[in-house]
Structure formats: C-alpha cells, structure tokens
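The next block holds one structure in the form of structure tokens; read it before the comments.
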Amino acid sequence: MIIVDDALVDDEIATATFCCDVAVCKGACCTLPGRRGAPLEDGEVAQIQEAYPAIKGLLPEASVRTIESGGLVEGTPGDFATRCVDDNECVFAYFENGAARCSFEHAFLEGKISWQKPLSCHLFPIRVRHLGRDFIRYEQIEECRAGRTRGEDEQIRLYDFLKTPLARKYGQQWFASLRERVAPEPPGPPTC
C-alpha cells in the first residue's frame, strides 16, 4: 500500500499499464449490465441537472424515456449514481460507429459544459472508496482487456493514463507526489 497525503493507493496502481482501446471494447464501461450506473459525488448531481439540456439531443429515445420516468440520477446524498436503461447502459451514453460514448464528454469537447464527465467515469478503471480516508484501487474487468494490452504494448502506466482525472480529484501536487513515490523518472508523453 502506498500512502499519498491521506489516501491509500493500491500497490498494483504503481505497476499496471493501461490505455483505453475503444475501437476494441466499444465503450463497454458505459454499458455494463447491473442495477446501478456510475457512482456520483453529491456535487455532481447539480452539474448533471444543469448539463442535461446540452446533452439531451444526443441521447437515444430509451434513455430519455428512462430519465423522464425516473429522473436523471438515483440514490440519496452520499450514494448517488447514474441511472441505467433496462439495467444495462448508462442513460448518458450515446452510440457512434457501434461504440458507446459519453454525452457529457461530447458536450465538454464542444465547449458546452465545463467538466468532462462524472469523476468516477473519468477515473475508471480506478475506483475510489471512502473508508475514513480514500482507498484507491485498480479494478480489472474482462471488458477492459484490450486497454491492458494496449497499455502494455505502448508502455503507458495506468497512473499516467489517468493523470488528468487523478489531478482533478486530488490536485496536481498530489499527483506529482504519487508519481514521485512510484516512478521518480519523468514520464514520456502518453500516446493514447
């Protein structure tokens, strides 16, 4: 276990390689079967409500129906999550060339909203649990095998691939401290 400030970081994060390969996985992380969608921080609920008009036009009809009948998110403070369509894809996913894509990220890239996507989605395949302090772990799922293969082939460390969301969650100084603890050599630029 690596301790960075007050967070516990799983040792595997120091050595794992990863780089999303959406061409192969087809955005599987947005379509995993299950009762709940992506975990949300309480403050993200208001951001999602504000962003909905900017993304609604991208969403499939089934997503809009699900949102209109049950709301944008589910849960209670401290336990919010995105809704899913029929216990499968996230209501905020849209499909392009056979791959699930995030409507929030699309709106962000077009300059319509100021945040890229929910933090738990941005950090995936890293998951954060708060147990008195944050415990940061790497969640390996079969659907992300192509990302592990690409990361290995291109020699991209998981923490470097996730630099932006890790710094978004904990700050640039925290990320620099993590990187110094796991790999004192400066990174090469990620190619993915």
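The values are calculated or read from the model by the stated rules, or taken from the named source; none is laboratory data. In this text the structure is predicted, and so the values were computed from the model without any measurement. Quick reminder, even Gly has a Cβ in these numbers, built from the backbone with ideal geometry, and neighbours come from all protein chains shown.
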_Pairs, first within 19 Å of Gln47 (Cβ to Cβ) in segment 60-73, second hydroxyl-bearing (Ser, Thr, Tyr), C-beta under 7 Å, six or more apart_ = Leu72/Tyr52; Val73/Thr82
*Taking segment 125-152 on its own, how many of its residues are assigned to a helix (DSSP H, G or I) and either outside the structural domain of Asp10 (by TED's automatic domain parsing) or surrounded by 12 or more Cβ atoms within 10 Å (Cβ to Cβ) (or both)?*
10
_Yes/no for Ala23 being small (Gly, Ala, Ser), at pLDDT 95 or above and either over 19 Å from Pro165 (Cα atoms) or in a loop (DSSP other than H, G, I, E, B) (or both)_ = no
*asked:* I'd like to verify a number: residues in segment 63-85 that are surrounded by 18 or more Cβ atoms within 10 Å (Cβ to Cβ) and charged (D, E, K, R), how many?
replied: 1
*Looking at segment 86-100, which of the residues that are more than 20 Å from Val24 (Cβ to Cβ) and surrounded by fewer than 20 Cβ atoms within 10 Å (Cβ to Cβ) is nearest to the chain's Cα centre (by Cα)?*
Asp87
*asked:* Let me spell it out: the conditions are (1) farther than 19 Å from His122 by Cα; (2) part of a loop (DSSP other than H, G, I, E, B), and Glu68 meets all of them except one. Which number is the exception?
replied: (2)
_I need every pair where a residue in segment 154-167 that is over 13 Å from Ser120 (Cα atoms) and without any contact (Cβ under 8 Å) to a residue 40 or more places away in the chain has its Cβ under 9 Å from the Cβ of a residue that is of a type in the set (S, T, N, Q) and outside any helix (DSSP H, G or I), sequence separation at least 6 or different chains._
none
*Which residues, counting only those in segment 101-112, are touching a strand residue (DSSP E or B) at 6+ places or on another chain (Cβ under 9 Å), surrounded by fewer than 20 Cβ atoms within 10 Å (Cβ to Cβ) and either β-branched (Val, Ile, Thr) or outside any helix (DSSP H, G or I) (or both)?*
Arg101
_Only listed residue being polar (S, T, N, Q), under 20 Å from Ile113 (Cα atoms) and touching a strand residue (DSSP E or B) at 6+ places or on another chain (Cβ under 8 Å), chosen from Thr82, Thr31, Thr17_ = Thr82
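One line per residue, one yes/no per condition, for (1) touching a Lys or Arg at 6+ places or on another chain (Cβ under 9 Å); (2) basic (Lys, Arg):
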| position | (1), (2) |
| --- | --- |
| Phe104 | yes, no |
| Trp115 | yes, no |
| Glu139 | yes, no |
| Arg145 | no, yes |
| Arg148 | no, yes |
| Ala167 | no, no |
| Trp174 | no, no |
| Glu180 | no, no |
